[in-house]
Amino acid sequence: MNQIPSNIAAVYSQTGTLFVVRPHTSYLDGPAVARWLTKSRGIRHAVFAVDPDFARHPFWRMALNVYGRLVGGHRMIALDASRPFGIRALIATLKAGGTVVIFPQGTGIRSGPKRPDQSGFQWLMAKTSAHLVHCHIWHNKKWPVVGIPKYVGDAQRLKAKTDAG
């Protein structure tokens, strides 16, 4: 009977961590999250799902790759709805126990912080059973501040519930 060696079985039994970051309203959000992951969480070699326009642009591709390597060995994958290669790479990373960072609101920064999430990250969760970590970005300083909120939800709604009762 064929048995899977224990070191290979351990890889298949791991689940990765999916950092879901919102609101995505600044071009500095990705670099701020990359720095935060390394400095505050000790996480290196994360894979960032990036808009294909940035991932394939000659200048931005080079700039983001260099920054990612310098800050924590992070890399980016172009996430394009018309091409499955990016999502496959994210699934493989999570199934191997790696870290993936996704901005579920997608592109459209000019539309503001309240835009709805794209459904892709929920599908990614269902496919991988990854450990989910919700992160928040505060944009009240020159450089975005990243952290894990004490609540998940709309701050105004939470305040209204607290005031009401």
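Of ARG61, ARG110, the order by accessible heavy-atom surface (1.4 Å probe, DNA, RNA and ligands excluded), from most exposed downward, is ARG110, ARG61. If you sort MET125, MET62 by accessible surface, 1.4 Å probe, largest first, the order is MET62, MET125.
For region 16-163, give the magnitude of the charge dipole about the Cα centre (Cβ charges: +1 Lys/Arg, -1 Asp/Glu; no others), in debye to the nearest 20. Intermediate results must be reported in sequence, preceding the final value.
On the way: 22 positive and 7 negative charges, 56 e Å.
Its charge dipole is roughly 260 debye.
Measuring only protein heavy atoms, the 1.4 Å probe finds ARG75 accessible over about 120 Å². Annotation: TYR27 carries an accessible surface of approximately 140 Å², with a 1.4 Å probe and no ligand, DNA or RNA atoms counted.
Net charge near ILE77: determine it from the other residues with C-beta under 13 Å of the C-beta of ILE77, scoring Lys and Arg +1 and Asp and Glu -1.
Numbers: positive: ARG56, ARG61, ARG75, ARG83, ARG88; negative: ASP51, ASP80.
Residues near ILE77 contribute +3 overall.
Segment SER111..ALA96, full-extension length gain: 1.9 nm, with 0.36 nm per residue of separation and the alpha-carbon distance subtracted. Between TYR27 and HIS57, the simple spin-label model (points 7 angstrom out along Cα→Cβ) gives 0.5 nm.
Computed with a 1.4 Å probe on the full set of protein chains, the accessible area for ILE102 sits at about 10 Å².
The values are calculated or read from the model by the stated rules, or taken from the named source; none is laboratory data. If you're wondering where the values come from, they're calculated on a predicted model, not measured in any experiment. All Cβ positions, glycine included, derive from the backbone under ideal geometry; neighbour counts span all protein chains shown. Just the protein is used for accessible areas: all its heavy atoms, side chains included, with ligands, DNA and RNA removed. Shrake-Rupley method; radii C 1.70, N 1.55, O 1.52, S 1.80 Å.
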